[in-house]
Amino acid sequence: SFYFTDIRKALTAGMFMQVAYKQRTGDYLTMKDNQLVHIHPGSVVSTKPEWVIFEEFALTSKNYIRTVTVTRVDWLVELAPHYFELDNFPECEAKAELEQAYA
């Protein structure tokens, strides 16, 4: 379990710019560029976690993210505070989560 956590945290450190947050609607919104996306149906992530990182954005009949890994908001603010700077962060549902993580 600790092994997989370390791997996910390492992936978060390298892919912090490719993050999506689950909205109240159940859809995901990419951070910073506010693109509405869905986890690709072929993904092994079968739950709907709050925060995910992704490797690929695929545009088909819907906007899909692929090669998805679960991450945590506290890892994002710990590993990339410069990127998730609240003063420069767009208004969205995720901003409230980030504010709590910085508190």
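Match the structure shown to one of the listed values (i) -0.41, -0.96; (ii) -0.25, -0.74; (iii) -0.29, -0.78 of log10 I(q)/I(0) by the Debye sum over Cα atoms at q = 0.10, 0.17 Å⁻¹, computed from it, and give that label. Only one listed value fits the structure, namely (ii).
Just by accessible area at a 1.4 angstrom probe, what is the order of ASP27, ASP33, ASP87 from largest to smallest? Walk me through the intermediate numbers first.
On the way: ASP27 40, ASP33 90, ASP87 130 Å².
From most exposed to least exposed: ASP87, ASP33, ASP27.
Can you put TYR64, TYR102, TYR28 in order of accessible area, largest first, using a 1.4 Å probe? Before the final figure, lay out the partial values.
Values: TYR64 40, TYR102 90, TYR28 0 Å².
Ranked list, largest accessible area first: TYR102, TYR64, TYR28.
Extension gain for GLU55 to GLN35 (0.36 nm times residue separation, less C-alpha to C-alpha distance): 5.7 nm.
Given +1 at the Cβ of Lys and Arg, -1 at the Cβ of Asp and Glu and no other charges, the dipole of the range 16-85 around its Cα centre is 280 debye to the nearest 20. Under a 5 Å amide H cut-off, with hydrogens placed 1.01 Å from N, ALA58 pairs with TYR64, ILE65, ARG66 among residues at least 5 apart or on other chains. Taking θ as phi - 60° and the Karplus parameters 6.51, -1.76 and 1.60, the scalar couplings of the range 82-96 work out to 5, 7, 9, 4, 5, 5, 10, 8, x, 5, 6, 4, 5, 4, 5 Hz in sequence order, x denoting glycine and proline.
Considering only DSSP beta bridges with both partners in the chain, what is the antiparallel share in %, to the nearest 5? Mind showing how you got there, number by number?
Numbers: 15 of 17 bridges.
Around 90 percent of the beta bridges assigned by DSSP in the chain are antiparallel ones.
Projecting the Cα atoms of LEU76, THR47, VAL19 onto the charge dipole of the chain, computed from C-beta unit charges around the Cα centre, puts THR47 farthest toward the positive end.
The values are calculated or read from the model by the stated rules, or taken from the named source; none is laboratory data. Owing to the predicted nature of the structure, the values given are computational and were not obtained by experimental measurement. Positions of Cβ are generated from backbone atoms using ideal geometry, with glycine treated the same way; all protein chains shown enter the neighbour counts. Please note that ligands, DNA and RNA were not included when accessible areas were found on the heavy atoms of the full protein model with its side chains. Shrake-Rupley method; radii C 1.70, N 1.55, O 1.52, S 1.80 Å.
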